[in-house]
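What follows is a short report on a single structure.
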Amino acid sequence: MDTINSLNPMDPEEEFKINLQRLILNDQTLTELDLYDSQIGVEGIEPLSEALKVNQTLINLKVTGKRFGDKGTQALSEALKVNQTLTELVLYENKLGDEAMKALSEALKVNQTLTHLNLYENRIGAEGAQALSESLKVNQALTRIGSF
């Protein structure tokens with residue numbers, strides 16, 4: 001079976017849908033999810049965010065190079081307010097700007113499980129950095145933040 005999969009890799013969109021179901025069903029074997037290859041965009045980040053609201057197993061999420069920007073970040077931020085298992089979030093190269101950072105910062109004021117946040121290669125300016133700074137006055141869990 002592994003040989004067949006390596007010869008005919010799963011379509012990234014189909015794999016994303018399967019992983020969403022696994023998140024919703026709290027599949028105990030799904031503790032890390034790397035969405036580097038899937039082209040989910042804003043359309044995908046919204047259902048992913050809804051799944052994160054109910055998921056109790058995922059610890060590490062990497063959503064890199066999706067360029068979902070401020071709108072997608074709003075949905076993700078709402079999920080972070082209620083998710084209690086995610087400890088590492090990598091948002092490398094998603095065109096996140098100040099508005100996205102403001103939304104994430106509001107979530108960080110509530111979320112007490114996220115310990116690592118990577119925001120490398122985004123478009124965060126002074127306002128976004130200020131919002132993050134304010135959230136760190138409240139958040140005691142976040143110990144490592146990737147560079148801007």
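The values are calculated or read from the model by the stated rules, or taken from the named source; none is laboratory data. Given the structure is predicted, the values throughout are model-derived calculations rather than measurements. Note that each Cβ is placed from the backbone with ideal geometry, even for glycine, and that neighbours are counted across all protein chains shown. Note: areas computed on protein heavy atoms with side chains; ligands, DNA, RNA excluded. Shrake-Rupley method; radii C 1.70, N 1.55, O 1.52, S 1.80 Å.
Please find, within region 138-148, the residue that is farthest from residue 115 (Cα to Cα) out of those that are in a loop (DSSP other than H, G, I, E, B), out of contact with any helix residue (DSSP H, G or I) (no Cβ under 9 Å at 6 or more places or on another chain) and open to solvent by 40 Å² or more (accessible area, probe 1.4 Å).
Let us first name the residues in region 138-148 that are in a loop (DSSP other than H, G, I, E, B), namely 138-143, 146-148.
Still in the running and out of contact with any helix residue (DSSP H, G or I) (no Cβ under 9 Å at 6 or more places or on another chain): 140, 143, 146-147.
Those left that are additionally open to solvent by 40 Å² or more (accessible area, probe 1.4 Å): 140, 143, 147.
Details: 140: 9, 143: 5, 147: 15 Å.
Checking each candidate, the answer is 147.
Consider residue 57 carefully, then state whether it is open to solvent by less than 70 Å² (accessible area, probe 1.4 Å), touching a Phe, Trp or Tyr at 6+ places or on another chain (Cβ under 8 Å), of a type in the set (S, T, N, Q) and modelled with pLDDT of 80 or more. Steps first, answer last, please.
Working: open to solvent by less than 70 Å² (accessible area, probe 1.4 Å): yes; touching a Phe, Trp or Tyr at 6+ places or on another chain (Cβ under 8 Å): no; of a type in the set (S, T, N, Q): yes; modelled with pLDDT of 80 or more: yes.
When the stated conditions are applied, residue 57 does not pass them.
For the condition within 20 Å of residue 144 (Cβ to Cβ) and modelled with pLDDT of 95 or more, what is the one hit in 91, 23, 108?
Values: 91 fails: modelled with pLDDT of 95 or more; 23 fails: within 20 Å of residue 144 (Cβ to Cβ).
One residue alone meets the criteria, 108.
Does residue 94 qualify as being closer than 30 Å to residue 13 by Cβ and in contact with a Phe, Trp or Tyr (Cβ under 6 Å, 6 or more places away or on another chain)? I'd like the intermediate steps shown before the answer.
Working: closer than 30 Å to residue 13 by Cβ: yes; in contact with a Phe, Trp or Tyr (Cβ under 6 Å, 6 or more places away or on another chain): yes.
So residue 94 fits the description; yes.
Conditions: (1) touching a residue at least 12 places away in the same chain (Cβ under 8 Å); (2) more than 13 Å from the chain's Cα centre (by Cα); (3) open to solvent by 20 Å² or more (accessible area, probe 1.4 Å). Residue 88 meets all but one. Number of the miss?
Result: residue 88 passes all but (2).
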